[in-house]
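The values are calculated or read from the model by the stated rules, or taken from the named source; none is laboratory data. Fair warning: this is a prediction, and the values are worked out from it, not measured in the lab. Note: ideal-geometry Cβ built from the backbone for every residue, glycine included; neighbour counts use all protein chains shown.
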Amino acid sequence: MTEEKNFFDEIEGLDTTCRRLSGLSALVTGCAQGIGRRIALELAKEGADIVINDLSSQKEKANKVAQYIESHLDREAWMVEADVSDIEDVKRAKTQVEENFGKIDILVNNAGINRDNFFTKMEKKDWDQVLSVNLDSVFNCTHTFLDHIQDSAQGRVISLSSVVGERGNIGQVNYASSKAGIIGFTKALAQELVRDDVTVNAVAPGFIATKMVLDMPEKVKDKIKKQIPMARFGKPKEVARTVTFLASKDASYITGEVIRMNGGFYL
Ligand code: NAI
């Protein structure tokens, strides 16, 4: 409750006068909380209407994000429940989006999970689950909504990779593989979609202060901070504003890139 309250208090201060995404619509996967939530709000602040996606178990939180966008940012927001690791569910969601909302221009592949363990102890189900939520979802959503994005005058695919996809991390063989896969996906698809004027990019955040990171034991968090030259975790807002930049016309000549943001942790 306190975390929720503080979160929306911070949003109150957003400047809604700058509208780089007016007339555009964005789908953000897994945006009931964390980085995705902030991305949805920043895109709306810049003028985009938003399709909010998350699992049905996150409905209450997702509705709060939608309500905030409609009441404070004067944009349309519509929630579609879907498990993005399941392509049939994503196809069903697309039909609902078309019936209730319209087409999207910008896809942000944000939904992600971790199931950490040393490789020797990692079970196949934890490998499968992480790969399917983090990487299959990127195929499922991009493939399913591609016709919308190709039709747009400002089509964008932006995916959340991670520093772990580039440098690896103990206990995260599954997560690192999924996030490295997103980098390959981004570079290959960017080349295919250049002819449609669609840009395809990824961001690779370091450790960002969300539940995924804040839930780690204090000792582990302190150890990590000591390895970050900026000596702090990143903020969801810092990731969200980079995603917003990639979605905007300001980034029209950037494609196939992976933008690192990790406080100097990995260069
Ligand atoms: P989070 O755990 O706070 O939020 C993830 C959201 O995705 C949740 O709302 C969850 O319900 C949703 N989700 C999970 N499985 C889903 C599914 N199958 N279908 C639809 N929605 C689903 O995570 P956080 O920290 O906000 O991370 C967002 C993205 O950023 C993830 O892809 C994560 O891997 C990536 N990332 C996070 C970093 C961090 O330090 N927090 C660093 C680098 C990357």
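Summary of values
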{"item": "Residue within the stretch 73-83 that is within 21 Å of VAL203 (Cβ to Cβ) and crowded, with 24+ Cβ neighbours inside 10 Å present", "result": "no"}
{"item": "Residue, surrounded by the fewest Cβ atoms within 10 Å (Cβ to Cβ), within the stretch 201-228, restricted to residues that are more than 21 Å from ASN117 (Cβ to Cβ) and within 11 Å of the ligand (Cβ to nearest atom)", "result": "ALA209"}
{"item": "Cβ-Cβ under 8 Å pairs, at least 6 apart or on other chains, the stretch 176-204 side without any contact (Cβ under 8 Å) to a residue 40 or more places away in the chain, far side among the charged types (D, E, K, R) and part of a helix (DSSP H, G or I)", "result": "ALA180/GLU166"}
{"item": "Selected residue (only one of SER178, SER137, SER159, SER132 is within 19 Å of the chain's Cα centre (by Cα), within 12 Å of the ligand (Cβ to nearest atom), modelled with pLDDT of 95 or more and not in a helix (DSSP H, G or I))", "result": "SER159"}
{"item": "Matching residues in the stretch 177-195 - criterion: being out of contact with any helix residue (DSSP H, G or I) (no Cβ under 8 Å at 6 or more places or on another chain) and polar (S, T, N, Q)", "result": "THR186, GLN191"}
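So that you can scan it fast, the table gives a plain yes or no per residue for (1) in contact (Cβ under 8 Å) with a residue 24 or more places away in the chain; (2) among the hydrophobic types (A, V, I, L, M, F, W, C); (3) buried (at least 20 other Cβ atoms within 10 Å of the Cβ); (4) on the phi > 0 side of the Ramachandran plot:
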| position | (1), (2), (3), (4) |
| --- | --- |
| ASP105 | yes, no, yes, no |
| GLU123 | no, no, no, no |
| LEU131 | yes, yes, no, no |
| LEU135 | yes, yes, yes, no |
| PHE139 | yes, yes, no, no |
| GLY171 | yes, no, no, yes |
